[in-house]
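Here's the structure, in structure tokens; my notes come after.
The values are calculated or read from the model by the stated rules, or taken from the named source; none is laboratory data. If you're wondering where the values come from, they're calculated on a predicted model, not measured in any experiment. When we count neighbours, we look across all protein chains shown, and the Cβ atoms used for this are built from the backbone with ideal geometry, even at glycine.
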Amino acid sequence: MALTCTESDIRRWRAARVDDVSVAKRVARVRKRSIKTESKVELLRLALSMVDLTTLEGADSPERVRGLCRKARHPYVGTLGDERPLPSCAAVCVYPNMVPTAREVLGERDGPIKLAAVATAFPSGQLPLALKLEEVRQTVAAGADEIDMVINRGAFLAGRDAEVFDEIVATKEACGEAHLKVILETGELGTLDNVAAASRLAMAAGADFIKTSTGKIQPAATFEVTLVMLEAIREHYLSTGVAVGMKPAGGIRKAKQALHYLALLAEILGKGWLTPAMFRFGASSLTNDLLRQLLWRDEGYYQSPRRFSVD
Amino acid sequence: MSTSNRLVVEKTIKLYVGGRFIRSESGRVDRVRSSFSTNEIYVSRASRKDFRDAMEIARKAQAGWAGRTGYNRGQILYRLAEMIESRASAFPGETDRTQIAVDRAVHHAGWSDKISALLSTLNPVAAAYVNYSMIRPVGVVVAVPNPAEGLVGMVEAACAAAVMGNAVIVLVPSDQGELAAGLAEALATCDMPAGVVNVMTTDVPALLEWVNRHDDLDALYLVEGAVDDDAITEAQRQAARVMRRVVVVGSADQAAPPLTLQRLAEVKTVWMSS
């Protein structure tokens, strides 16, 4: 039987009240943290292993996607002094049309590097549900391990929460074995209260991950919305025992930002979430900055960005 | 109200990076004796992190600066001369040297739309090709003028690098903070795009070690006497590691001749079927 929601569920989700000032203060405190030496190296490596290497452009060509897959497997050609191999990225994230191409390079399903695809009329989501579900089914059949769906923001903002809920439930069903990440597109939700309500809704509907943004709308991922979403995940875990993952995406370009996201994550959700299975960065240029910082620590020379492959 | 009753407006001299006057991210300041009064002044001391940040900013600014016409770069350098001229009263006792600095900026402004004509060539080749060479900026330059040459040294280094279309970070010892601030204030008002010329007061020999370790740097412009010979040798050794250009010049007594300016550029040669 399909999952349904009641009026009282909706009232409970919508009852979220976020104190913006306290959120800003807490974010400011986390962003002042300076993580150094060995801890920094370990966190940089962890962040690298959490990257969903992403390309979502109209100009994406098969060769670009192949290049991206190769980069996800071996982010850097050389080795570092401590002789541990650098981790691979967590996943490659592409448009549905590029899934077969990426599958060829990444090999079997559910390998060490996951293949994620955006679906449900990304990025706007403005298409009839039947078409969106068909898109999801075809994308999974083509070989996607993970589906990044967008919620129907128009319905959410119009207060038709049950409709948003039902769409997520239907999408989850269409995914079958594939993991479902639900993109809230927080830049369009307006307030942190809405972000909290949408997070609760998405998790109740069966999201495996909740994700901030498509990257197509500004502002994309911010520390503030991430904090609110992480708190919602904690609340959901404490009340249901279900651990939902988190993926901030869009605008995360610098290693330092990544370290601060990890600090926030560790503070709110603890060690259990400090793994690529539970936390991802939706990014592309972040990878090169992580490598740059790792090499700086390793070799003592601050690298030119020209040393790394352009993705 | 008599002047003695006035509240003293103390000035902390800031770094000039990306068109903004910023303190060091480290919060460090040096307390040094003023060159122009009996007071002591506070001068921000750039850290290696400030330098890395400035490198990113200079790198971003460089392409836009190089993309402007030589004529436009000349206009802006000429306006720099005007701005230094109007600030001459800020450097009492330095009138002569300030005038030389102004003249030097005018001199380089004049080269801006002529130097490429002088250094570019149509090459004779024994085949059915047109072959020509033209100059391109080398990229981001760190300039270390000789402190003994004061404002003239700073203006010479900054203008020589900038006129060739490079972005430049000028390193100045903290005890020359007032002169550096004078140059920075002139730069801020001369229509120079943010990030093209950056001025950082610091412990120069100490920061130079970190400069040597920044592999995104394209060229180092060192004036003899600015740092000791060992430091110059070390800079050359480290530069060899990444094929970085090191331009060592004797002094700022004379404006850089075209052949020195050429060392702040790359030569690009193009073959075309005729």
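Would you please name the residue that is farthest from B:G74 (Cα to Cα), looking only at residues in segment B:100-120 that are more than 18 Å from the chain's Cα centre (by Cα) and without any contact (Cβ under 8 Å) to a residue 60 or more places away in the chain?
My answer is B:S120.
When the residues of segment A:285-311 are filtered to those that are hydroxyl-bearing (S, T, Y) and out of contact with any helix residue (DSSP H, G or I) (no Cβ under 8 Å at 6 or more places or on another chain), which remaining residue is nearest to the other protein chains (Cβ to nearest Cβ)?
Checking each candidate, the answer is A:S304.
Can you pull out every residue in segment B:133-156 that is without any contact (Cβ under 8 Å) to a residue 60 or more places away in the chain and part of a strand (DSSP E or B)?
Correct list: empty.
Which numbered condition trips up A:P276, out of (1) in contact with a helix residue (DSSP H, G or I) (Cβ under 8 Å, 6 or more places away or on another chain); (2) part of a helix (DSSP H, G or I); (3) closer than 26 Å to A:D110 by Cα?
A:P276 satisfies all of (1) in contact with a helix residue (DSSP H, G or I) (Cβ under 8 Å, 6 or more places away or on another chain); (2) part of a helix (DSSP H, G or I); (3) closer than 26 Å to A:D110 by Cα except (2).
A quick yes/no check of all residues on (1) buried (at least 16 other Cβ atoms within 10 Å of the Cβ); (2) free of Cβ contacts under 8 Å to residues at least 60 places away in the same chain:
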residue	(1), (2)
B:G18	yes, no
B:I22	yes, yes
B:F36	no, no
B:I57	yes, no
B:W65	yes, no
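Within segment B:99-110, how many residues are under 19 Å from B:S35 (Cα atoms) and either among the aliphatic types (A, V, I, L, M) or modelled with pLDDT under 95 (or both)?
Residues that pass the stated criteria total 2.
May I ask you to list the residues in segment A:125-136 that are modelled with pLDDT of 95 or more and in contact with a Gly (Cβ under 8 Å, 6 or more places away or on another chain)?
The answer is A:K132, and nothing else.
Can you find even one residue in segment B:195-216 that is within 14 Å of chain A (Cβ to nearest Cβ), farther than 25 Å from B:V102 by Cβ, surrounded by fewer than 21 Cβ atoms within 10 Å (Cβ to Cβ) and aromatic (F, W, Y)?
yes
Among A:G215, A:G282, which is the only one that is more than 14 Å from every other protein chain (Cβ to nearest Cβ), part of a loop (DSSP other than H, G, I, E, B), buried (at least 20 other Cβ atoms within 10 Å of the Cβ) and within 12 Å of the chain's Cα centre (by Cα)?
So the residue among A:G215, A:G282 that is more than 14 Å from every other protein chain (Cβ to nearest Cβ), part of a loop (DSSP other than H, G, I, E, B), buried (at least 20 other Cβ atoms within 10 Å of the Cβ) and within 12 Å of the chain's Cα centre (by Cα) is A:G215.
Return the pair list, or none, for Cβ contacts closer than 8 Å from residues in segment A:115-139 that are more than 23 Å from A:M50 (Cβ to Cβ) to residues that are of a type in the set (K, R), at least 6 apart or on different chains.
A:T120/A:K132; A:A121/A:K132; A:G125/A:K132; A:G125/A:R153
Conditions: (1) more than 14 Å from chain B (Cβ to nearest Cβ); (2) surrounded by 19 or more Cβ atoms within 10 Å (Cβ to Cβ); (3) within 30 Å of A:G78 (Cβ to Cβ). A:T275 meets all but one. Number of the miss?
Going through the list (1) more than 14 Å from chain B (Cβ to nearest Cβ); (2) surrounded by 19 or more Cβ atoms within 10 Å (Cβ to Cβ); (3) within 30 Å of A:G78 (Cβ to Cβ), A:T275 breaks only (2).
Please tell me if B:V9 is more than 16 Å from B:I169 (Cβ to Cβ) and either buried (at least 17 other Cβ atoms within 10 Å of the Cβ) or in contact with a Leu (Cβ under 9 Å, 6 or more places away or on another chain) (or both).
No; evaluated as a whole, the condition is false for this residue.
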